[in-house]
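Trainee: One structure coming up, written as structure tokens, with questions to follow.
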Amino acid sequence: MTADTHDVVIAGSGVAGLSAAVYAARADLDPLVLEGDEPGGQLTLTTDVENYLGFPEGVGGMELIQQGKEQAEQFGAQFRHGSIESADLDGQPKALTLSNGETIHTRALVVATGASARWVGADNEADLMGHGLSTCATCDGAFHRGDDVLVVGGGDSAMEEALFLAKFADSVTVVHRREELRASEIMADRARDHDDIDFRWNTELRSIHGSTEEGVTAATLISHPEGHPREKFESGTEVETERVDVGGVFYAVGHTPNTGFLRNTGVELDDDGYVLPQTDGDGRATARTTVDGVFAAGDVADPRYRQAITAAGTGSMAALDVEAFLETLEGSEPAPVEA
Ligand SMILES: Cc1cc2nc3c(=O)[nH]c(=O)nc-3n(C[C@H](O)[C@H](O)[C@H](O)COP(=O)(O)OP(=O)(O)OC[C@H]3O[C@@H](n4cnc5c(N)ncnc54)[C@H](O)[C@@H]3O)c2cc1C
């Protein structure tokens, strides 16, 4: 290995990247973690995490991340700012070009770049995210016992979030900008048949009210009988405006996996851009991708579960797979890198 080629670079410092870093560092692989534009990832957006194993009193999202980083550093993982802009992943070594133009070489890459929940552009959403505004009902639903809550969206995940929230909340109102749901018939029927779930058709969220101390207290909705009220409002058409008291707002308008830099690299992505991890010869899950030496962990490969604990689990899988991969390279030194 040339002096400037890493054994393994881990892209992303969310739970998946941190877990991969702990395992890789303990295996003496000297991992380099690129933190991306959101060091610590999505968990830094939330206050309390109550479903991560080992914290009976719950743990702050930021605290969990800081402790994970400390743990990885203690075993020798290096962290640095930087986002991968593009990558040449053929053969050895692999070349990663960062957004500042610098190129890094590595024998193995763990992609743990997460998936960003889409936001709707309501006023105050950046201030209230994690303080009563959430993108994850499984994570934060239990904080809303007895509240009236809104779910924004009209697809299957919005129906799932609404049905889950109805276990805790007094009432759930699904806010959808059209008159028809995109959700499958079965999910739509389940939500429509639920006594505690209502629908506001042709309606969008304009503002969320509250504070970081009080959480969400109210929301302003806009409606137009022909749907897409925000577009209408922005083009000067009159819309109906209503302020409603609510204790929580949940966005369920989809996620975008952070995989732009993997386009045309040979790493197989699904139609929505999530990495498709490969199974082994026995059909069992691995963290391997379709490119040798490239592995994926966490939400970037998981449109279904999207939990901190599953991200940590797949992070450990990726590091173990990297270790096995590097052993197969032993004795086959990569070609020297030109300066
Ligand atoms: C508000 C909120 C509350 C939540 N609460 C809970 C909860 O209570 N319990 C729970 O289990 N889960 C919760 N989740 C879900 C949980 O946060 C995610 O499942 C978990 O963070 C996924 O981890 P990850 O490491 O895969 O990705 P992320 O946390 O998304 O981290 C991605 C990392 O990749 C980096 N990155 C992105 N692009 C690049 C690039 N091109 N190059 C290099 N780095 C890059 C980012 O900067 C970031 O560091 C919550 C999520 C949100 C948004």
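Trainee: Restricting to region 200-253, what's the tally of residues that are open to solvent by 40 Å² or more (accessible area, probe 1.4 Å) and closer than 22 Å to Leu163 by Cα?
Mentor: 5
Trainee: I'd like to verify a number: residues in region 101-111 that are open to solvent by 20 Å² or more (accessible area, probe 1.4 Å) and either within 12 Å of the ligand (Cβ to nearest atom) or touching a Phe, Trp or Tyr at 6+ places or on another chain (Cβ under 6 Å) (or both), how many?
Mentor: Number satisfying all stated conditions: 0.
Trainee: Among the residues of region 294-311, which ones are surrounded by fewer than 24 Cβ atoms within 10 Å (Cβ to Cβ), part of a loop (DSSP other than H, G, I, E, B) and out of contact with any Asp or Glu (no Cβ under 7 Å at 6 or more places or on another chain)?
Mentor: Our first condition is that a residue be surrounded by fewer than 24 Cβ atoms within 10 Å (Cβ to Cβ); within region 294-311, this holds for 302-307, 309-310.
So of that shortlist, the ones also part of a loop (DSSP other than H, G, I, E, B) come out as 302-307.
Once the filter is applied, which keeps residues that are surrounded by fewer than 24 Cβ atoms within 10 Å (Cβ to Cβ), part of a loop (DSSP other than H, G, I, E, B) and out of contact with any Asp or Glu (no Cβ under 7 Å at 6 or more places or on another chain), region 294-311 yields Asp302, Arg304, Tyr305, Gln307.
Trainee: Restricting to region 276-307, give me the number of residues that are within 11 Å of the ligand (Cβ to nearest atom) and more than 30 Å from Thr173 (Cα to Cα).
Mentor: Qualifying residue count for the region: 4.
Trainee: Of the residues that sit in region 6-47 and are modelled with pLDDT under 95 and over 20 Å from Gln71 (Cα atoms), which one is least open to solvent (accessible area, probe 1.4 Å)?
Mentor: Thr46
Trainee: Also: Taking the options Thr256, Thr328, Thr314, Thr290, name whichever one is on the phi < 0 side of the Ramachandran plot, part of a strand (DSSP E or B) and open to solvent by 40 Å² or more (accessible area, probe 1.4 Å).
Mentor: On the way: Thr328 fails: part of a strand (DSSP E or B); Thr314 fails: part of a strand (DSSP E or B); Thr290 fails: part of a strand (DSSP E or B).
Just one listed residue meets the conditions, Thr256.
Trainee: Determine the pairs where a residue that is under 20 Å from Ile222 (Cα atoms), located within region 140-165, has a partner that is part of a helix (DSSP H, G or I) and of a type outside the set (A, V, I, L, M) with Cβ atoms under 8 Å apart, the partner being 6 or more residues away or on another chain.
Mentor: Val151/Glu161; Gly153/Glu161
Trainee: Ile197 - would you say it is farther than 18 Å from Val120 by Cα and open to solvent by 30 Å² or more (accessible area, probe 1.4 Å)? Steps first, please.
Mentor: Values: farther than 18 Å from Val120 by Cα: yes; open to solvent by 30 Å² or more (accessible area, probe 1.4 Å): no.
Criteria not met by Ile197.
Trainee: Looking at region 43-73 only, could you name the residues that are closer than 24 Å to Ala126 by Cβ and either among the basic types (Lys, Arg) or more than 12 Å from the ligand (Cβ to nearest atom) (or both)?
Mentor: Glu63, Gln66, Lys69
Trainee: Of everything in region 136-175 that's of a type in the set (S, T, N, Q) and out of contact with any strand residue (DSSP E or B) (no Cβ under 7 Å at 6 or more places or on another chain), which residue is surrounded by the most Cβ atoms within 10 Å (Cβ to Cβ)?
Mentor: Initial filter on region 136-175 (of a type in the set (S, T, N, Q)): 138, 157, 171, 173.
Remaining after also requiring out of contact with any strand residue (DSSP E or B) (no Cβ under 7 Å at 6 or more places or on another chain): 138, 157.
Numbers: Thr138: 15, Ser157: 22.
By that ranking, first place goes to Ser157.
The values are calculated or read from the model by the stated rules, or taken from the named source; none is laboratory data. Bear in mind the structure is a predicted one, so any value in this text is a computation, not a measurement. Cβ: placed from backbone, ideal geometry, glycine included. Neighbour counts: every protein chain shown. Side chains included, ligands, DNA and RNA excluded: accessible areas come from the protein's heavy atoms. Shrake-Rupley method; radii C 1.70, N 1.55, O 1.52, S 1.80 Å.
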